[in-house]
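Okay, so here's the structure we're looking at.
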């Protein structure tokens, strides 16, 4: 457990609410729970911008003409008034960064869901994520969020070791970005890149993962992130 006297402050970057078009709700809540149990204080953060699209989570199909705001949707998870606009967030105010997954990471924060290794990243998101690496502050990335890390590092001509489970297509895309993809057999596993203070865990990259296994991986990820807070 992190030193309870320090109360490390952790930024949690969200991408909406709902795994098909925003943040994965279970991963987000489990990350927040793990951070709380390890004595961290938390600030949820999201861009104040439209989602790429809106998905009906009953049918899995896009809703024609529907629009939703990433910050407003993320606030469903963070609770009323507790999610900060990314435009107001400063890396210097936080000791670490944790990013839950969900397709919103790969659709709203970047275009990895559509373009793979050729994806673009929102400039404000890229700058925020890279800021933690530049400051040598620890980063935890869950599920598809390591793809966002890979894109941000690639833009900075940097590379790291991370995991997206054992998805062949994602592994190939990371390789094209000059990153080292380490396969993991299930959602309980984590991968640590010590040089970058980067901890990744696959979570629902395994669609059939048990919730308990997802929790195990996320809790391990969070614990290792907090161990590396200076």
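Numbers at a glance
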quantity	calculated
Among residues of region 5-17, those that are crowded, with 21+ Cβ neighbours inside 10 Å and outside any loop (DSSP other than H, G, I, E, B), counted	4
Filter pass, residue 2 being surrounded by 16 or more Cβ atoms within 10 Å (Cβ to Cβ), at pLDDT below 95 and more than 12 Å from the chain's Cα centre (by Cα)	yes
Scan of region 173-210 for residues that are in contact with a strand residue (DSSP E or B) (Cβ under 9 Å, 6 or more places away or on another chain), more than 14 Å from residue 143 (Cα to Cα) and in a loop (DSSP other than H, G, I, E, B), ordered by number	179, 197
Condition broken by residue 218, with the remaining ones in (1) surrounded by 16 or more Cβ atoms within 10 Å (Cβ to Cβ); (2) out of contact with any helix residue (DSSP H, G or I) (no Cβ under 8 Å at 6 or more places or on another chain); (3) assigned to a helix (DSSP H, G or I); (4) modelled with pLDDT of 95 or more satisfied	(2)
Residue count, region 68-123 (criterion: out of contact with any strand residue (DSSP E or B) (no Cβ under 9 Å at 6 or more places or on another chain) and surrounded by fewer than 16 Cβ atoms within 10 Å (Cβ to Cβ))	9
Selection within region 59-84 - within 22 Å of residue 30 (Cα to Cα), touching a residue at least 12 places away in the same chain (Cβ under 8 Å) and not in a helix (DSSP H, G or I)	82, 83, 84
From 105, 42, residue being at pLDDT 95 or above, closer than 19 Å to residue 201 by Cβ and in a strand (DSSP E or B)	42
Residue satisfying condition, being part of a loop (DSSP other than H, G, I, E, B), under 21 Å from residue 149 (Cα atoms) and modelled with pLDDT of 95 or more, within set 35, 30, 20	20
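The values are calculated or read from the model by the stated rules, or taken from the named source; none is laboratory data. Since this is a predicted model, take the numbers as computed values, not measurements. Methodologically, a virtual Cβ is constructed for each residue, glycine included, from the backbone with ideal geometry; neighbour enumeration extends over all protein chains shown.
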